[in-house]
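Written below as structure tokens is the structure these notes are about.
Read-outs: derived from the displayed coordinates by stated rules, not from any lab. This one's a predicted model, so the numbers in the text were calculated from it and none came from an experiment. Cβ coordinates were reconstructed from backbone atoms using ideal geometry, including for glycine residues, and neighbour counts include every protein chain displayed.
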Amino acid sequence: MDSLINNKLNFSFKINQQILKLISFIDTFKGKWNIIEQKENRYLQELRKTATIESIGSSTRIEGVKLTNKEIEKIINNLNINNLKTRDEQEVVGYWETLDTIIDNFTDIKISENYIKQLHSILLKYSDKDEKHKGSYKQLTNKVVATYPDGGQRVIFKTTEPHLVDKEMSELIDWTNSNFKNQEIHPLIIIGTFIYEFLSIHPFQDGNGRLSRLLTTLLLLQQEYMFVQYVSFENVIETKKKEYYKALMDGQKDRNSEKEIIDNWIIYFLDCIQILIQRLESKYQIYKDTKAYLNERQKQIKEIIIKNQPLKISDLMKYLENYSKNTIKKDLEYLRNEGVVETIGRNKGTLYMMKKEK
């Protein structure tokens, strides 16, 4: 199995240069973001909440769900498990629970057949039509089918026959874990290859597309690409769905032959992560520019510090005579925790100034 998969990574010099450039960009941001994540708190929680809704909406819509993000947010915020009447609602809540499980427990989830089956069970937990086969490999032949906005469908390619699924999944998982351990192949290439092979095998009767995107998030988090939880990978794929199917088909046309090279798929996968990063940088920059979570009084304190820094609390009180010392102290503590201001000195001699950008 190792040689069969490795052969699919036999890229040209030009493709390898493209891949190196994309990986360099992604890994540079990874390092920067991990520093940001250690300092930020409140806004990142809001980013994660927004990304979660977008991810649920995009991934389920790729498979034919008709709900908007606003409708999905309403379902999640007013969740009543016993009142999931439609198939769309059932699939949305299943996706939400699986994504939540992954984000909260990714360090404890092993890449194994049992864990993948467990995640599949959670994904289809509320789906009436999938009750009999959730958490179990397929018993019937299935196909990768593209669903379009008008409801039309198109068969993209055939998948592994049911009697071969156990063998191919076992070999894929062994290849993946072995290469993560050996560190001879970059983890992003391993992840992209795993997802391509998973989709090619299509091990479950239904839910393979959704689960592949959830497994992408799981693997990226396990390899410390922590930024993936703050912006929706699924939404990038939804906006590039045509290219998604094309990249899969490009490798699949030569399935199980020496000509099966997955260069276009790996480029597509890495390009999606690059777009993901660009979106996150844009959202984060907006936050830095606007400081949306400062109330009017805190904005006033910030402006006073900018014009007169450094200042003690006693200095600030001269400008803010209508507020108590305790209120100003709480605001300053909040501004410091949010990374807006920094301090020098202690107790009564503490000086406040704007935090310098690094």
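Expressed in units of 2.2 N^0.38 Å, where N is the residue count, the Cα radius of gyration of segment 294-354 is 0.97. Estimated from helical segments only, the mean residue ellipticity of the chain at 222 nm is -20500 deg cm²/dmol, where each DSSP H run of four or more residues counts as -39500 (n - 2.57). Multiplying each eigenvalue of the alpha-carbon gyration tensor of the chain by 5 and taking the square root yields semi-axes of 46, 25, 17 Å, largest first, rounded to whole angstroms.
Counting only aspartates and glutamates at least 8 places from residue 330 when in the same chain, those with an alpha carbon closer than 20 Å to its own are 40, 296, 303, 315, 321, 338, 342.
When each of the peptides 93-100, 272-279 is scored by the mean number of other C-beta atoms lying within 10 Å of its residues, the order from highest to lowest reads 93-100, 272-279. For segment 101-144, trypsin sites (Lys or Arg not before Pro) meeting the loop criterion (DSSP other than H, G, I, E, B) and having at most 14 other Cβ atoms within 10 Å: 110, 132.
For the set 299/356; 134/158; 21/246; 85/132; 49/134, the pairs lying more than 24 angstrom apart at their alpha carbons are 49/134. If only the Cβ of Lys and Arg carry +1 and only the Cβ of Asp and Glu carry -1, the dipole of the chain around its Cα centre is close to 1460 debye.
Once you wrap a convex hull around the alpha carbon atoms of segment 96-190, what is its projected area averaged over all directions, in nm²? Result: a mean projected hull area of 8.2 nm².
Of the trypsin sites (Lys or Arg not before Pro) found in segment 174-267, the ones in coil according to DSSP and having at most 14 other Cβ atoms within 10 Å of their Cβ are 253, 255, 259.
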